[in-house]
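What follows is a short report on a single structure.
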Amino acid sequence: MHTQRFWQSIALLGLVVVLVAGAALTFSAARPATAQTAQPGTIVVSGYGDATGAPDIAIVTLGLDMTNEDLSAAVSEADSGMAAIVDAITALGVAAEDIQTVNYSVWSQDGGVDGMQPNAARIYHLSNIISIKVRDMTQVQAVLSAALGAGANAIQGVAFSIEDASSLERDARLAAIEDARERAAQIAEAIGASLGEIVAVNEGGTSSTPLYDRAMGGGGGIQQGQLSVSIGLEVTFAITR
């Protein structure tokens, strides 16, 4: 009796194993196949472009450097001197909003002007520097002359720029794209591939470089030259074989 129950149990267990295995086989057969999609090849190149144009703004930086044993006298003298300079500049048509103080500093020095006289009185130094945006390129030399005539004794520099360089940036960007396309075409030909469409573009930034041209000037001894706007791009092209 016990032997018969034992063999019945074994037979039932075998049936369960067969059913489970069959279910596993059925599940595996029903699982969809996964297809691997190949990614298209690409070429990544750098392209560079530039465009040039004449500046339309000059930034003139100048002002006063004063020394005096009396601090209040130095301040008063500098204030009146700067007022005279600003009046002379605005008389030329420069707008008041285009004139800005960029440095106003006061410091003292013991031992006279050269600092080497132990018993000399303390000397106060005062510096008042303004930045002038000149929008008429023919007035740059006139602004400098007017400021010097009004008492300016510190000329820190003249810089030129283009107020709206967006059109030059556009031209430089298009030139960079064409440069990248030519580079990529050369590489594609060398490896026996055909150049496809642009897949991605990353812009590295822009820069402005002065190109000095003595044929152009702001009058007198000031030469405005030209500015070059440069743009670098990283361009990815698709290729086919």
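The values are calculated or read from the model by the stated rules, or taken from the named source; none is laboratory data. The structure presented is a predicted model; accordingly, all values stated were derived computationally and were not measured. Virtual Cβ from ideal backbone geometry, glycine too; neighbours counted across all protein chains shown.
Which strands (runs of 3 or more DSSP E) does region 30-142 wholly contain that include 1 or more residues that are modelled with pLDDT of 95 or more and aromatic (Phe, Trp, Tyr)?
Numbers: elements: 41-53, 57-68, 99-109, 123-134.
Once the strands (runs of 3 or more DSSP E) in region 30-142 are filtered for at least 1 residues that are modelled with pLDDT of 95 or more and aromatic (Phe, Trp, Tyr), what remains is 41-53, 99-109.
Say whether the condition of being at pLDDT below 95, among the polar types (S, T, N, Q) and assigned to a strand (DSSP E or B) is met by at least one residue in region 162-169.
The answer is no, given that none of the residues of region 162-169 is at pLDDT below 95, among the polar types (S, T, N, Q) and assigned to a strand (DSSP E or B).
Restricting to region 218-241, give me the number of residues that are over 30 Å from residue 157 (Cβ atoms) and at pLDDT below 90. Outline the logic, then answer.
Here is the first cut: in region 218-241, the ones over 30 Å from residue 157 (Cβ atoms) are 233-241.
Keeping just the survivors that are at pLDDT below 90 gives 241.
Counting residues in region 218-241 that are over 30 Å from residue 157 (Cβ atoms) and at pLDDT below 90 gives 1.
Need pairs with beta-carbon distance below 8 Å; first residue within 14 Å of residue 42 (Cα to Cα) and within region 175-195, second exposed (fewer than 12 other Cβ atoms within 10 Å of the Cβ); sequence gap 6+ or separate chains.
Going by the 8 Å Cβ cut-off, the qualifying pairs are 188/194; 192/241; 193/240; 193/241; 194/240; 194/241.
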